[in-house]
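Sharing a structure, written as C-alpha cells. Questions coming.
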Amino acid sequence: MSTQNKNNLLLDVRNMSVDYYAANGAVHAVRDVNLSLKRGEIVGLAGESGSGKSTLAYAIARLLRPPAAITAGQVLYYPSIQEGERRTAFTAALEQANSKITDPVNSPTQSSGVDILKLTPPQLRAFRWNELSIVFQSAMNALNPVMDIGTQIIDVLRAHQPERSVQSCKERARELLKLVGIAPDRLRSYPHELSGGMRQRVIIAIALALKPELIIMDEPTTALDVVVQREILDLISSLCKETGTALIFITHDLSLLLELVDRVAVMYAGKLVEVADRNNFYAHARHPYSYGLMNSFPTLHGPRRKMVGIAGSPPDLRNIPAGCPFHDRCPMAFEACHQVIPALRTPFADAPEQIAACHLYDPKITRTTQMPGPADLGRGYEIQAERSVAR
Amino acid sequence: MNPFAEKKSVKAVEDASLALYPGRATALVGESGSGKTTVARMLARIYDPTTGVIRFRGQEVKYKGARVASSLRAYRRHIQMVFQDPFSSLNPVHNVRYHLSRPLRVHGHARSEKEVTEQVLALLRRVSLSPAEQFIEKFPHQLSGGQRQRVAIARALAARPEVVLADEPVSMLDVSIRLDILNLLTRLKDEEQLAFLFITHDIASARYFAEDTLVMYAGQMVEGGPSDDVIQSPRHPYTQLLLSVAPDPDRVQQVINHGNTSVPTRGEIPSLIKPPSGCRFHPRCPHAMPICSQEKPARTEITPGHWTHCFLYDQPGEKPAKQAKIIDAKSVQRAK
Amino acid sequence: MQVSSETLQPQNFPTTFLRGGRNIFKWLTSNRKMAIGSGILAFFVLVAIFGPLLTHVSPDATSNDIFLPPSLSHWLGTTKSGEDVFSQLVYGARVSLLVGFLSALGSIILQVAMGLTAGYFGGWIDNILSFIINVFLVLPGIPLGLVIASFAPLKGSVVITLLLIFTSWSYGSRVLRAQTLSMRNREFVEAARSSGETTVRIIFAEILPNEIALVASSFIGTFVYTIAADVVFEFLGLGDVTKTNWGVMLYWAQAGQALLAGGWWWFIPPGLCVALVCAGLTLLNSGIDEVANPRLRTEPKTEKLARKKQAEIEKAPQTQEEVVA
C-alpha cells in the first residue's frame, strides 16, 4: 500500500466474523469480511435481509449485544492526522491511554490505525459521535417525544463537548438545522409536530452534529414515502460531498443505492460476494447474485418484458452448505461451486477496482480464458426460470 | 378523548371510480395516506362507502337495508384480498393446512377430509410451493417471507374468487423474491382470468404487472389509463413528480453521465381532515393556476382510455366504449 | 436479526402449548422457574389425590391424644380435640385445591368471555362491558366477599367458590380486552373475516389461541388469588367449619389459641402449605412469562457464551501494529 493510499484510508475491516449464539447452534451472520473505506467515500452495502449487512455495520460501530459476538477480525480506524486545533476528543482519549503503557514518543496520530474492537469504554465513548455516528432505520421514532428537537441536538453536543457554552451549542444547532433544510426557528418544535421526513432530517442533523469522519446509515429511507425518500437521499448525498464525511449506506434497494454511492459491496449469506466501484458495477455486475439483484427491478422505460427473479431462498446460516453459499440458487453453478468456497479476487483487466467471489472468473477452475458476460448470466437466469416452470 | 370535541371526519377517499376486468390487472399507485388501501377495503367490503355504488358483474352490491349479510357472504367469496405483510397476515398458531382448508370449507368447496387435503395440495402446487406434501404441515414461522406470501396467495385462491385485491403484496419482501411473486401473480391472472387490483407505491412494478394504472393523491384519483400511456407520457403534475423520484435503474446511467439531476420537490401529502380546496395537489403543483385552488378539475380524456383530473388539459374529448366490467365502483366515497 | 432457540421462540409458544403430549414435559423443564413451580404444584396435586392412602385416620376422628406435639404415631401432632393434624392437612389439601381450582376455572371462563367479546366487537358492546368490568375492578374483593358471605343464607364451599369467581374476574378481563383490541385489526384476523369465517370462529379459533399465554398466566394468577382468598374466608369462619380444609384448620387453631399455647404444629403446616402452593404457582407464572417474552429472560447460556467469546477477542494479545499504536 502506498503512503498516498494510507493517508486516504479511513477504515479497514479485516477478516471480520460475527456469530449469533443460539441454543441450537451458532448462526454465522458475518463470515470473514474484508472491506476498506477511504476518507469521504460513500460505500453502499447491499444484500437481502439476513445477509449480514446490518450485523457488519453494527460490529464496526461496536453496537452488537449478546447473543451476538465478534468471533474474529479487526476494525482498523485511521484518525485524522491533522495536528493542533483539530485534536479531537477521540485522539485525546487515545493519547491518555497510551501515555500509561507505551512511550509517549508514539503519538496516536499514527498511520497504522487503531483497532476499534480493542477500545476501552471511555475511548469508545469518545469514538462514537465524534468519529462515527449511526442512523438507524426507524431512527425518526427514536426522538424523545417530550423534548423539543433543539434540546435534543444541544444535549448531544453538550454530552460530548462539555466545555462548550450553551450559546455556542444553540448556534451550532441552528446551523445544523439549516444544513439539513429545516428552518432554524423549528428548534422549539416537538417531534410530533414534524412529519416523518422532517424527523429523519433532524436525526441526520444529530448524526452530523460533531462532524464525524464516518456515518453509518442503516436503511434510513425505507420507512418513508417515495417522494420524501428522494429528498432525503439528495440531502445525504450533497451533505457528504460538502462535509467530506465518509458514509456506509445500507439498503436492499440496489437501484436506489447506485444513484448515491461511489462504491458498492454486495453481501450474501454473511460473505462479501462482490465489491466494485459504481460505474463498473452498473455496467457489468460480475457475480451471478449481483447480476440477479440488478435485474430484479422492473424498469420505467423501454419495452415491457418478462423478467426473472432469483429463485429459492438464502441458506440457513447455522449450517451453511459446502462451497459457494449461492450455488443452489445460481443458474451458472458447476461442480467446483458445490465444493470450493470462492475467494474474492480481481480478475478483471478492464476493471481493476472490481472484485468478485465467483469461480466463473477463475481460469484455473473453469480451465478456459473465456469469462461469462452479462448476456450469459441473463441467459442463465432465463433458462433456470423456464426449467422451474416446466417442473 | 374529549367528548365535547367536534367529530371530525376524514374524507379518506373522495369520488373514486374504477373498473376491474377479468384477466386484467389495474394498479393503484400512490403514497401512503393517498387512500389506496381504503379503496381496496371498500371493495372487499371491510369498510362501507358513505356514498356511491359498487357493481359486481353488473349487479349492485348492497351495503344497506335488508338481506345485507347473505349478499355480503355471496359477494365476499368472489372477492379475496392478499395483504401486504405476510408475517402478520398468517395466524402464527395455525399451520398451512388450516389456513388453506378454512376457506375451502367455509365456501363449501370441499366436504370430506380427503377432498380438503387434495385441494390444499393442489393449491400449494398452483403457487409453486413444491413439494406440497412438505409444506402442508408447516407453521408460518417455519417459512420464509416469500413462502408465506405464496401461502397467503393460495388462501385467497382457495375461495375461488374472480377478483383479487392485492395490497402491496411484494413491498415487504426481499428484492430478489419480489419478481418471483409478481410473476406468479401474472401467471394466475393470465391462466385463470382473474381480475386484479394491485395496490403499490412502486410505479415500476405497477408497469411491470398491471395493464392499467390509476394514480391517487390525497384520496382523489388524479390520472388513469393504460399503464404504458400513464407512465411513458404522464400528464398530471403529480404523476410526473412520482415518476421523477421513483428509483429506476435507468436513471443511474444519467447520474453517471450528468451527476445528480433530480427535480426539487416540495411539500408533503396534506392532512385529509382539512384538505386543500379545489385540486388537492395545487399547493405543491409547479403549474398551479388561480382556478386550481377554487374548483375541482373534471375528468379529461387525453387519448382513448387515458384520462386525468387537471385544468392543464381541460378540453372536451370523446368517450370510448368500455369492455365488460367485472367490478365497477362508481364515485365511492369514504369518510371515517 | 433476532435468533433464539426454536422451542423458546414466542411465536412457538402457543403451538407448543397446544400440541401437548410429550412436548409439554420438555417445555415445562426448559425454564428453571417453570420446572420448580410445576414440581411444587404436582407434589400437592399428588398429595391431594393419593395422600389419604398414607393415613388411616379420619381427619374428623377425635381421640384422647389431645394437643400432642409431632410423634411417630401422629406425624404432625394432634389438635385440642384430638384430631390428627397430618390427616387433616392431607384431606384438607383436596378441598382447598379443588375450591381454588374451580373458582379460578370459572373466573377464567368469565374473563375470556367478557374480555374477548368487549375487545373484538368494540363500539357500544365494548362500552357496556367495559363499564361492568370497571365497576368490578374498583370493588374491593375480600372486604366485599366478607360482607356477602356473612349475609349469605347458606355457608360452605359452593358459596365461597361463587364469591371467589365474582371478585376475581375483572382484572384479567381488562388485560384480555386490551390484547384483543390490538389483535382485532391484525391482518390475519381481517383475512379470516374476508374469507367468510363466522365471528365466533374468528374469536375462538383465530384470536384466542394467540392469547393463550396471557390466558394461562391470568389463570395461574387467579388461582393464587383464589387459594389465598379461600383460606382467608375459611379462616374467618365464613365457610362450613365442620368440613376440614387448610383455612378451617387455621380457624380452629385460632379458636383453640394454638399460638398462645405454643402449638406450632397446628398452624404452621397449613400456613406453609398455602404459602408453598402460591409460591409454586407464582414461579410457574413468571416462568411462562419469561418463555413467552424473551426480553424478561435472565441471561441464558448462549449470551454467556457470546460474552466469553467477545472478551477473548477484545483481550487478545496485541499485534505488532497496535503495540506501535
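Kindly provide the set of residues from the range A:7-55 that are charged (D, E, K, R) and surrounded by fewer than 24 Cβ atoms within 10 Å (Cβ to Cβ), ordered by number.
Residues satisfying the conditions are A:D12, A:R14, A:R31, A:D32, A:K38, A:R39, A:E41, A:E48.
Further, regarding this structure: Given the structure, is A:I134 in contact with a strand residue (DSSP E or B) (Cβ under 8 Å, 6 or more places away or on another chain) and not small (G, A, S)?
Yes; evaluated as a whole, the condition is true for this residue.
Okay, next question. Restricting to the range B:180-195, and then to whatever is touching a Phe, Trp or Tyr at 6+ places or on another chain (Cβ under 8 Å) and open to solvent by less than 10 Å² (accessible area, probe 1.4 Å), can you tell me which residue is nearest to A:E382 (Cα to Cα)?
B:L182
Can you report the number of residues in the range A:331-370 which are hydrophobic (A, V, I, L, M, F, W, C) and part of a helix (DSSP H, G or I)?
Adding up the residues that qualify gives 4.
Now a separate question. Looking at this structure, is A:K306 among the charged types (D, E, K, R) and outside any loop (DSSP other than H, G, I, E, B)?
Answer is no for this residue.
Taking the conditions exactly as written (open to solvent by less than 20 Å² (accessible area, probe 1.4 Å) and at pLDDT 85 or above), does C:S194 satisfy them or not?
Here the answer is no, as C:S194 does not meet what is asked.
Now for a different question. Residues that are of a type in the set (V, I, T) and within 12 Å of another protein chain (Cβ to nearest Cβ): which strands (runs of 3 or more DSSP E) entirely in the range B:19-98 hold 1 or more of them?
B:25-29, B:79-82
Please work out which residue is nearest to the other protein chains (Cβ to nearest Cβ), limiting yourself to the range C:173-191 and to residues that are under 26 Å from B:I153 (Cα atoms) and open to solvent by 50 Å² or more (accessible area, probe 1.4 Å).
That would be C:R186.
Would you pick out the residues in the range A:253-269 that are hydrophobic (A, V, I, L, M, F, W, C) and more than 10 Å from every other protein chain (Cβ to nearest Cβ)?
A:V261, A:V264, A:A265, A:V266, A:M267, A:A269
Still on this structure, please answer the following. What helices (runs of 4 or more DSSP H), lying completely within the range C:4-87, carry at least 1 residues that are modelled with pLDDT of 85 or more and either among the aliphatic types (A, V, I, L, M) or crowded, with 18+ Cβ neighbours inside 10 Å (or both)?
C:32-50
If you don't mind, another one. Taking the stated definitions as given, is A:D362 in contact with a Pro (Cβ under 9 Å, 6 or more places away or on another chain) and farther than 23 Å from A:A385 by Cβ?
Here the answer is yes, as A:D362 does meet what is asked.
Next question, about the same structure. Going residue by residue through the range A:371-390, is there one that turns out to be part of a loop (DSSP other than H, G, I, E, B), open to solvent by 30 Å² or more (accessible area, probe 1.4 Å) and not hydrophobic (A, V, I, L, M, F, W, C)?
no
If you go through the range B:23-31 one residue at a time, do you hit one that is buried (at least 20 other Cβ atoms within 10 Å of the Cβ) and modelled with pLDDT under 80?
Checked against the condition, which is being buried (at least 20 other Cβ atoms within 10 Å of the Cβ) and modelled with pLDDT under 80, the range B:23-31 yields no hits at all.
If you don't mind, another one. Go through (1) open to solvent by 10 Å² or more (accessible area, probe 1.4 Å); (2) touching a residue at least 24 places away in the same chain (Cβ under 8 Å) and name the single condition C:I202 misses.
So C:I202 meets the others, but not (1).
So, one more: Taking into account only those residues within the range C:222-239 that are part of a helix (DSSP H, G or I) and small (G, A, S), which is surrounded by the most Cβ atoms within 10 Å (Cβ to Cβ)?
Per the stated criteria, the residue is C:A229.
Sticking with this one: With (1) open to solvent by 30 Å² or more (accessible area, probe 1.4 Å); (2) under 27 Å from A:R367 (Cα atoms); (3) assigned to a loop (DSSP other than H, G, I, E, B); (4) not polar (S, T, N, Q) as the list, and A:Y291 as the residue in question, which single condition is left unmet?
Of the numbered conditions (1) open to solvent by 30 Å² or more (accessible area, probe 1.4 Å); (2) under 27 Å from A:R367 (Cα atoms); (3) assigned to a loop (DSSP other than H, G, I, E, B); (4) not polar (S, T, N, Q), the odd one out for A:Y291 is (3).
Looking at the range C:252-266, is at least one residue closer than 12 Å to C:V85 by Cβ, part of a loop (DSSP other than H, G, I, E, B), touching a residue at least 40 places away in the same chain (Cβ under 8 Å) and more than 24 Å from the chain's Cα centre (by Cα)?
Within the range C:252-266, one or more residues are closer than 12 Å to C:V85 by Cβ, part of a loop (DSSP other than H, G, I, E, B), touching a residue at least 40 places away in the same chain (Cβ under 8 Å) and more than 24 Å from the chain's Cα centre (by Cα).
Here is a yes/no grid of residues against (1) hydroxyl-bearing (S, T, Y); (2) in contact with a Gly (Cβ under 6 Å, 6 or more places away or on another chain); (3) facing chain A (nearest Cβ under 10 Å); (4) under 18 Å from B:V170 (Cα atoms):
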site	(1), (2), (3), (4)
B:D190	no, no, no, no
B:L197	no, no, no, yes
B:A206	no, no, yes, yes
B:G219	no, yes, no, no
B:D229	no, no, no, no
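Can you find a residue that is within 11 Å of chain B (Cβ to nearest Cβ) and surrounded by 24 or more Cβ atoms within 10 Å (Cβ to Cβ) anywhere in the range A:270-280?
No, the range A:270-280 contains no residue that is within 11 Å of chain B (Cβ to nearest Cβ) and surrounded by 24 or more Cβ atoms within 10 Å (Cβ to Cβ).
Quick one: count up the residues across the range B:137-181 that are under 23 Å from B:R207 (Cβ atoms), away from chain A (no Cβ under 12 Å) and of a type in the set (V, I, T).
Qualifying residue count, the range B:137-181: 3.
Go through the range A:292-312 residue by residue and tally those that are out of contact with any strand residue (DSSP E or B) (no Cβ under 9 Å at 6 or more places or on another chain) and touching a residue at least 12 places away in the same chain (Cβ under 8 Å).
Result for the range A:292-312: 11.
The values are calculated or read from the model by the stated rules, or taken from the named source; none is laboratory data. This is a predicted model, so every value here is computed, not measured. Reconstructed Cβ throughout: ideal geometry from the backbone, glycine too, with neighbour counts over all protein chains shown. Please note that ligands, DNA and RNA were not included when accessible areas were found on the heavy atoms of the full protein model with its side chains. Shrake-Rupley method; radii C 1.70, N 1.55, O 1.52, S 1.80 Å.
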